[in-house]
Every structure is written in C-alpha cells, then in structure tokens.
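The values are calculated or read from the model by the stated rules, or taken from the named source; none is laboratory data. Note that the coordinates shown come from a computational prediction; the quantities given were computed from them, not determined experimentally. Every residue, glycine as well, gets a Cβ built from its backbone with ideal geometry; the counts of neighbours run over all protein chains shown. The area values use the complete protein model at the heavy-atom level, side chains included, leaving out ligands, DNA and RNA. Shrake-Rupley method; radii C 1.70, N 1.55, O 1.52, S 1.80 Å.
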Amino acid sequence: HASSRTLGGFEALLRLNADDGEPISPTEFIPIAEETGIIRALSQFVLRAAIKTAASWPDNLTVSVNLSPAQISGGHLVRDVSDALDDYDFPARRLEVEITEGLLMKEETQATLQLVELRALGVSVAMDDFGTGYSSLGYLWQFDFDKIKIDRSFIEGLDFDPKRYGAIIKMVVELGKSMNLLVTIEGVETEQHLASLDQLDCDLYQGFWFARPMPLDQAADYIAQHAKPSRNIA
C-alpha cells in the first residue's frame, strides 16, 4: 500500500528450472506450452496453486493471477475460477485477475462476457501493462475494470526524463481516480522512484524496492514482517 507501506498482496509468477537448476525464461517455455496445447492446463494449475497458497495467508492479503488467451478462448474461465474458489474456500474478493490489452484485442467477445461474470462473482479485474498499447483508453470505457496497473516502462522513464514521465504518470493516476479505479504502479525500484510517486495519489506500489520474486517458502517470513495484523492468520 502506497500510504501505509504495508503488504497488500502478491502477484503469482510462474517459474521453471532446468534439471541442472538453471532458470528457463517464461519467454521460452510459455510459447512452447502454447504450441503444444498444454497452456490451458498450465494456466489452470497456476490459478489453483495461487489460490491454495493464498488461502493460508492473513485474510487482508490478495493474490493476483495473470490470465492467458487459452483461458479466455476456451470459455471455461469462470467455471475454473469458481471451482477453485469453492475447493479452497477462498473469498472471491481476495482474488484479482490481470488481463492485458493484447489479450483483449485477440479475444474481445469472449473476454467481455467472462470478465462480467467474474466481477459478478466478486473477483477483481485489473488491466495490466496499462499505457503500452494503442487502445488502452478505449478498453477502459468498454470494460468495467477495478484496477489499472501502470506499466513499468513509465517508471523507468523517470530515471532519464522525470519531468516528462512524471507528468504522464500523474495524468494516468488522475484518470484512474476519476473512474474510481485503484491504481498500481509497477517497476518501483529506487528511493527516487518513491520520492516522485509519493507526491501522487497512488494506491499500490509493486517492484524490486520492496521485494524481488520469491519462492513460496520465503513468502511466510515476508508476510510476517510487512503485512498488517489479521484475525485470520493460518
């Protein structure tokens, strides 16, 4: 949280290591999963694993999961999400799904119907990488999002042209607020980033300044140090 500097939740990231322990980039294994047709099963595994894990966290923490085109195009997304929420007795309000403009462009009709149903379940929907596409503003009016996540490229721009990129970030934050959307800033990596962003009315920060991606066995310690107290700590 931008104001309190307390942990609001985690984004679930998929990682794969080779037999020798070396990491394999998602840019390498995700296309293979898509080509071989296992991407939907893989996406469903990530969704269920994220929800199962988050069910053991304090009840004021959320988990965010990126949607894949296969989940949208298959038409099973709402059922998959609903089943996972029921199986792990996980409140829908604590789940956030992230969708990119590129996915919307490919699966606009299917996405429209399923995102409406997900929101009806109580799941939050975020537009990821906001500001990098050609029609992000148009999609904000077309889809009923709960949050926008400002792409890290704008924060990186603060390092070499703070006046210009700061003005753009401020404009996007104000746009989000005017539409009653939560605003997350991605790519926060330095104290200078924070000094600039703290002047704006952001809701959430995400980036290496707070934590790098961590395996599950480290998350519990991080939660203990940075989360607000909760009455439901498993």
Name the residues in the stretch 23-34 that are over 29 Å from residue 82 (Cβ atoms) and either surrounded by 14 or more Cβ atoms within 10 Å (Cβ to Cβ) or among the acidic types (Asp, Glu) (or both), would you? 28
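Working only within the stretch 35-45, note down all residues that are surrounded by fewer than 16 Cβ atoms within 10 Å (Cβ to Cβ) and either touching a residue at least 12 places away in the same chain (Cβ under 8 Å) or hydroxyl-bearing (Ser, Thr, Tyr) (or both). Step through it out loud before you land on a result.
Quick first cut of the stretch 35-45, residues surrounded by fewer than 16 Cβ atoms within 10 Å (Cβ to Cβ) only: 35-38, 41, 45.
Within the stretch 35-45, just 36 meets the criteria.
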Residues in the stretch 47-78 that are touching a strand residue (DSSP E or B) at 6+ places or on another chain (Cβ under 7 Å) and aliphatic (A, V, I, L, M) total 8
Selection over the stretch 111-134 where residues are closer than 17 Å to residue 72 by Cβ, surrounded by fewer than 17 Cβ atoms within 10 Å (Cβ to Cβ) and in contact (Cβ under 8 Å) with a residue 24 or more places away in the chain yields a count of 4
I need the full set of residues from the stretch 46-68 which are over 22 Å from residue 182 (Cα atoms), modelled with pLDDT under 95 and open to solvent by 40 Å² or more (accessible area, probe 1.4 Å), in order please. 56
